[in-house]
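All remarks here apply to the structure that follows.
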Amino acid sequence: MNEGAAKKEEKPRRFQAIRGTRDLLPPETALWNRVEQTAHEVFATFGFGEIRLPIFEPTDLFARAVGGDTDIVSKEMYTFADPAENYLEYIQRQLRELGHEGYSKFTNENPEKLRQEIHDRSEVMLVSLRPEATASVCRAYIEHGMQQLPQPVKLYYMGPMFRRERPQKGRYRQFYQIGAEVLGGSDAPAIDAEVIEMVMTFFDQLELQGVQLEINSIGDRNCRPKYVELLRAELLKVKDSLGPDSQRRIETNPLRVLDSKVKEEQAIIEKLPRIGDHLCKECAEHYAAVKRELDLRAVKYRENWRLVRGLDYYMRTTFEITAQGLGSQDAVCGGGRYDGLVELLGGPPTKGIGFAIGEDRLILSLQESGKAPVAQGRDVYIAWMGENARATAVRAARELRKAGFSVELPPVEQKFGKALGQADKLGAKYTLILGDNEVTSGEWTLKTLADGTQRKVSEQQLIAELKKM
Ligand code: AMP
């Protein structure tokens, strides 16, 4: 086989986006921009400032903040050893010390030990792509001494998150969240209500359809442990009628059983003791006050006693918002109070509450209800012909763009017929025709594509004319 033939057979690999990730393309990206712009505007009116966070953080941060035995941390994080130079140095030193044979024995037989040793010596860090951002916001709050600022500190963020979940409609491995946190100061119920009011205002501005807010209180360190024990005891009585996931959760996290969507378990769950009947006095009062504050703000809600967050540091107020057109993954926002989290991460005792909106789902819901923008056509297509017209066309494009019009200037000369066809395909509103006649007379031809009418305009009049139309 000669070289040429061999080359022919070799098919270049066609790459595809990794499962669970996707490209966002125009015109859809215009909707993403509108959503994000609205978030910037609405959140600013509530006094929130934007925080931009790293995409990766030490794995330990998430293990600690989200919880080592949650699905997110135990199964879904994208984690890797940061291949810092000193990592290579460490491996090389190991090689020298152990000799090659010893080294491979060490790594093959004891990969866990090697990992642990590397970790202990802090010669390399395990890092993870962030699965959520609350942990990072709290880390930043501590790191930058934000407890010195006037409290509470109100921050919002937006950007990609990563979880290795099973992809389906509305569930991706790289997805986007828009979230906010209120840290420090008090845990006044009005703060909880205002945070919720802010999300609802944001959804309202976007005209999101079928918005349903559900709220609950899950107690605090005082009353929840007792309730969880009671729940566990009751669950053990009905253990045999539960599926394997729920059976496992009786031990690991009984609250999560309440989340169960398994059909056969629903009737059983409905009969379980409810946290609302077991809140301590302070928590019951806090919850009642949050509801009053929501009423005051005319925010409509439904109480759902089964709305829980399985993580230890979540307490009192929890909420979830669903929207229409999303199928089984219909939660567009989840949030709650987490007064213990900053302390858990080595900071001072700090009150905290926040939420995260799933931007992908928000966009999906907006699209399903017909809020998607259509492809943005050009305002003006410049059909130019002849060398004389080239310079005039370039000048016209520059002036029109400066005035804010979207302009398509074909890079090479075209026949007018073809140019008009192109203008039509691009959805242009107007075609500016520049031929020899126009350049010589200084009277340009402006064609309105919708009705085919033409008129003459001078260079000086052009922008004023277009603004009038
Ligand atoms: P969480 O951080 O799990 O409380 O999720 C908050 C919101 O983020 C959810 O209500 C969803 O809208 C969204 N979300 C969570 N996981 C995913 C995912 N894998 N794909 C798309 N959106 C997600």
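A few comments on the model shown:
- Contact annotation: residue pairs with Cβ atoms under 7 Å, 6 or more positions apart or on different chains, pairing a residue in the stretch 241-253 that is in a helix (DSSP H, G or I) with a partner that is polar (S, T, N, Q), are SER246/SER260.
- Only strands (runs of 3 or more DSSP E) whose full extent lies in the stretch 387-469 are considered here, and the ones with at least 1 residues that are surrounded by 14 or more Cβ atoms within 10 Å (Cβ to Cβ) and of a type outside the set (A, V, I, L, M, F, W, C) are 430-434, 443-448.
- Among the numbered conditions (1) buried (at least 18 other Cβ atoms within 10 Å of the Cβ); (2) within 16 Å of the ligand (Cβ to nearest atom); (3) of a type in the set (Ser, Thr, Tyr), the only one that SER260 does not meet is (2).
- Scanning the stretch 361-384 for residues that are more than 16 Å from the ligand (Cβ to nearest atom) and either of a type in the set (A, V, I, L, M, F, W, C) or in a strand (DSSP E or B) (or both) returns ALA372, VAL374, ALA375, VAL380, TYR381, ILE382, ALA383, TRP384.
Each value in this text was obtained by applying a stated rule to the coordinates, not by laboratory testing. Just so it is clear, the structure is predicted and the values come from calculations on it, not from any experiment. When we count neighbours, we look across all protein chains shown, and the Cβ atoms used for this are built from the backbone with ideal geometry, even at glycine.
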